[in-house]
């Protein structure tokens, strides 16, 4: 036979205010924080930069002749993708600084390096597109 503690069966009073506070805290905690959004934006900006490089140097040089597109199409697409990637990196940097993220300085260095490379790549795409 299992012995039972009668205190387990006693009713307890529940404070409604505590329940409401707990429910509100639970709802707030389910929303992504500013830090989480900043980290998500960082990830997206890195993905955009990676897609731009992959398309420009891996996919387009081999795919464009099969599709019948001119070489200038790749340069024009590279310029557009490069500008989008630069904008995404700048936005990500701003978010990290706005929320005072603890990794804001290393992320800024990383983004600055990537933006520098993207500016050079966009410049070369412009030069090749204009046949300078």
Next item on the list: List the number of the failed condition for residue 88; all other conditions in (1) part of a helix (DSSP H, G or I); (2) over 16 Å from the mean Cα position of the chain (by Cα) hold.
Entry: (2)
Next item on the list: Determine the pairs where a residue that is more than 24 Å from residue 51 (Cα to Cα), located within region 86-106, has a partner that is part of a helix (DSSP H, G or I) and at pLDDT 85 or above with Cβ atoms under 6 Å apart, the partner being 6 or more residues away or on another chain.
Entry: 97/104
Check: Could we say that residue 132 is on the phi < 0 side of the Ramachandran plot, outside any helix (DSSP H, G or I) and either modelled with pLDDT under 85 or buried (at least 18 other Cβ atoms within 10 Å of the Cβ) (or both) here?
Finding: yes
Next item on the list: Please state which of the following conditions residue 101 fails to meet, knowing it meets all the rest: (1) surrounded by 14 or more Cβ atoms within 10 Å (Cβ to Cβ); (2) assigned to a helix (DSSP H, G or I); (3) within 17 Å of the chain's Cα centre (by Cα).
Entry: (2)
Item checked: Selected residue (only one of 56, 43, 22, 73 is assigned to a helix (DSSP H, G or I), modelled with pLDDT under 90 and surrounded by 17 or more Cβ atoms within 10 Å (Cβ to Cβ)) -> 56
Checklist line | Number of positions in region 109-124 that are closer than 14 Å to residue 45 by Cβ and buried (at least 16 other Cβ atoms within 10 Å of the Cβ) | finding: 5
Next item on the list: Working only within region 77-98, note down all residues that are touching a helix residue (DSSP H, G or I) at 6+ places or on another chain (Cβ under 6 Å) and loosely packed, with under 15 Cβ neighbours inside 10 Å.
Entry: 97
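The values are calculated or read from the model by the stated rules, or taken from the named source; none is laboratory data. Since we're looking at a predicted model, the values are computed, not measured. Note: ideal-geometry Cβ built from the backbone for every residue, glycine included; neighbour counts use all protein chains shown.
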